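First up is the structure itself, then whatever we jot down about it.
The values are calculated or read from the model by the stated rules, or taken from the named source; none is laboratory data. This structure is a prediction, so every number in the text was calculated from the model and none was measured. Note that each Cβ is placed from the backbone with ideal geometry, even for glycine, and that neighbours are counted across all protein chains shown. Quick note on the areas: whole protein, heavy atoms, side chains included, nothing else; ligands and nucleic acids left out. Shrake-Rupley method; radii C 1.70, N 1.55, O 1.52, S 1.80 Å.
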Amino acid sequence: MSQVSIEDIEAARHRIERHIRRTPCEPSASLRGLAGQPVHLKFEHHQFTGSFKMRGATNAVEQLSQAERARGVIGASTGNHGRALAFAARRAGVHCVICMSALVPKNKVEAIAAEGAEIRIVGRSQDDAQEEVDRLVKEEGMVMVPPFDDARVIAGQGTLGLELLEDVPDLAVALVQLSGGGLISGVAAALKARKPDIRVVGITMARGAAMHASLAAGKPVSVEELPTLADSLGGGIGLGNRHTFSMVRDLVDDVVLLSEEEIADGVRHAYWRERQVVEGGGVVGISALLHGYIRPEGPVAAILTGASIDMNVHHRLISGENVDLMQEAF
Ligand SMILES: *Cc1c(COP(=O)(O)O)cnc(C)c1O
């Protein structure tokens, strides 16, 4: 078990700051009225490739040795991490392969190909894709960059915490997305090193919350993965989890679980009140405030983590429709 330190996060910041956007933190008048305290929204959905995953991926790519750069990087993520890794690798002139199953929707494949990655379609499940990744790591020496359980990735995501505290020096509560836990581990490590009394609250969806179930069990466990509006928050934490389980256990003060309808309300609020197009996984801090889960005693910050929402789903949500992806999947 190893944890990422504030020194690691400061070093990451120095390494990546030329390559990422320093996203703005904007006060929200509508949420201030609800929370009774100043609320700041970090516009990380404006990050390159549309999510904070750029930070961790860039920090990993920038630390490759010459020999590793020559062999290239590889991953099996079809979402924001895959896009970020492809972008970071191309910028650094490093070859990037993303393996995915034949069942991945065409728009996702194209989004990753557009960032310059080589796509390998293998098998019919995420496990098949991961096997191909393992084979290329073993046989061709490619370097796997995992989406969250990696010290370089966690330190990169933690740079977001340093920016938050510079923009909101009197921050009392940070609302941070919780899935694999790379983001919240890095952000909590940064915030608590600088200001130990900040409360860090993890927010996730009730449908398939693997870290929450693991914390309750006292060890990493797997849960059934179900369709959700917050698809970026889905997936397991890995039964052999090395970093994020212990960091979340030690650094996160509370976890809030949200229903699909609460997540939908966050997407609507982001659009109609803040004029922002944000994906389901990106709005959960807003959802938690809207639905009264947070009773802050000082300034609050929430992170809008990503923008990659299916625009047809977005259109239906903001038009007031109830969208249940569980129903539509069958
Ligand atoms: C990956 C992701 C998250 C969750 O981050 P973890 O490090 O897995 O906890 C939240 N929001 C968006 C948009 C993401 O892409």
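May I ask you to say which residue of 93, 79 is at pLDDT below 95 and out of contact with any Cys (no Cβ under 8 Å at 6 or more places or on another chain)?
Only one candidate passes the filter, namely 79.
Return the residues of the range 100-136 that are open to solvent by 40 Å² or more (accessible area, probe 1.4 Å), under 19 Å from residue 68 (Cβ atoms) and over 24 Å from the mean Cα position of the chain (by Cα); say none if nothing qualifies.
The one that is open to solvent by 40 Å² or more (accessible area, probe 1.4 Å), under 19 Å from residue 68 (Cβ atoms) and over 24 Å from the mean Cα position of the chain (by Cα): 135.
Determine whether the range 46-66 contains at least one residue that is of a type in the set (Gly, Ala, Ser), in contact (Cβ under 8 Å) with a residue 40 or more places away in the chain, away from the ligand (no atom under 13 Å from the Cβ) and at positive phi.
Among the residues of the range 46-66, not one is of a type in the set (Gly, Ala, Ser), in contact (Cβ under 8 Å) with a residue 40 or more places away in the chain, away from the ligand (no atom under 13 Å from the Cβ) and at positive phi, which makes the answer no.
Of the residues in the range 137-156, how many are surrounded by 14 or more Cβ atoms within 10 Å (Cβ to Cβ) and in a helix (DSSP H, G or I)?
So the answer is 7.
Evaluate the following for residue 19: is it touching a residue at least 24 places away in the same chain (Cβ under 8 Å), in the same structural domain as residue 164 (by TED's automatic domain parsing), open to solvent by 40 Å² or more (accessible area, probe 1.4 Å) and under 19 Å from the mean Cα position of the chain (by Cα)?
Considered against the rule, which asks whether it is touching a residue at least 24 places away in the same chain (Cβ under 8 Å), in the same structural domain as residue 164 (by TED's automatic domain parsing), open to solvent by 40 Å² or more (accessible area, probe 1.4 Å) and under 19 Å from the mean Cα position of the chain (by Cα), residue 19 comes out as no.
Pairs needed: first member in the range 70-90, of a type in the set (D, E, K, R); second member anywhere, within 12 Å of the ligand (Cβ to nearest atom); C-beta distance under 6 Å; at least 6 residues apart or different chains.
Within 6 Å, the pairs are 83/49.
In the range 216-246, which residues are touching a helix residue (DSSP H, G or I) at 6+ places or on another chain (Cβ under 6 Å) and within 23 Å of residue 293 (Cα to Cα)?
Residues satisfying the conditions are 229, 230, 232, 233.
Every residue in the range 220-235 that is within 13 Å of the ligand (Cβ to nearest atom) and of a type in the set (A, V, I, L, M, F, W, C), please.
Those that are within 13 Å of the ligand (Cβ to nearest atom) and of a type in the set (A, V, I, L, M, F, W, C): 229, 230, 233.
State which residue is farthest from residue 278 (Cα to Cα) when the search covers only the range 22-58 and only residues that are basic (Lys, Arg) and open to solvent by less than 20 Å² (accessible area, probe 1.4 Å).
My answer is 55.
Quickly run through the range 266-280 and pick out the residues that are surrounded by 18 or more Cβ atoms within 10 Å (Cβ to Cβ) and part of a helix (DSSP H, G or I).
Once the filter is applied, which keeps residues that are surrounded by 18 or more Cβ atoms within 10 Å (Cβ to Cβ) and part of a helix (DSSP H, G or I), the range 266-280 yields 266, 267, 268, 269, 270, 280.
When the range 91-102 is examined, which residues are found to be out of contact with any His (no Cβ under 9 Å at 6 or more places or on another chain) and in contact (Cβ under 8 Å) with a residue 40 or more places away in the chain?
97
On the basis of being within 12 Å of the ligand (Cβ to nearest atom) and on the phi > 0 side of the Ramachandran plot, does residue 238 make the cut?
Taking the combined requirement at face value, the residue satisfies it.
Name the residues in the range 300-321 that are more than 9 Å from the ligand (Cβ to nearest atom) and open to solvent by 20 Å² or more (accessible area, probe 1.4 Å), would you?
309, 310, 311, 312, 313, 315, 316, 318, 319, 320, 321
Yes/no matrix, rows are residues, columns are (1) under 17 Å from residue 284 (Cα atoms); (2) within 14 Å of the ligand (Cβ to nearest atom); (3) among the hydrophobic types (A, V, I, L, M, F, W, C):
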{"site": "145", "(1), (2), (3)": "no, yes, yes"}
{"site": "182", "(1), (2), (3)": "yes, yes, no"}
{"site": "199", "(1), (2), (3)": "yes, no, no"}
{"site": "202", "(1), (2), (3)": "yes, yes, no"}
{"site": "218", "(1), (2), (3)": "no, no, no"}
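Matching residues to (1) on the phi < 0 side of the Ramachandran plot; (2) within 16 Å of the ligand (Cβ to nearest atom); (3) out of contact with any Gly (no Cβ under 9 Å at 6 or more places or on another chain):
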position	(1), (2), (3)
27	yes, no, yes
74	yes, no, yes
87	yes, yes, no
92	yes, no, yes
102	yes, no, no
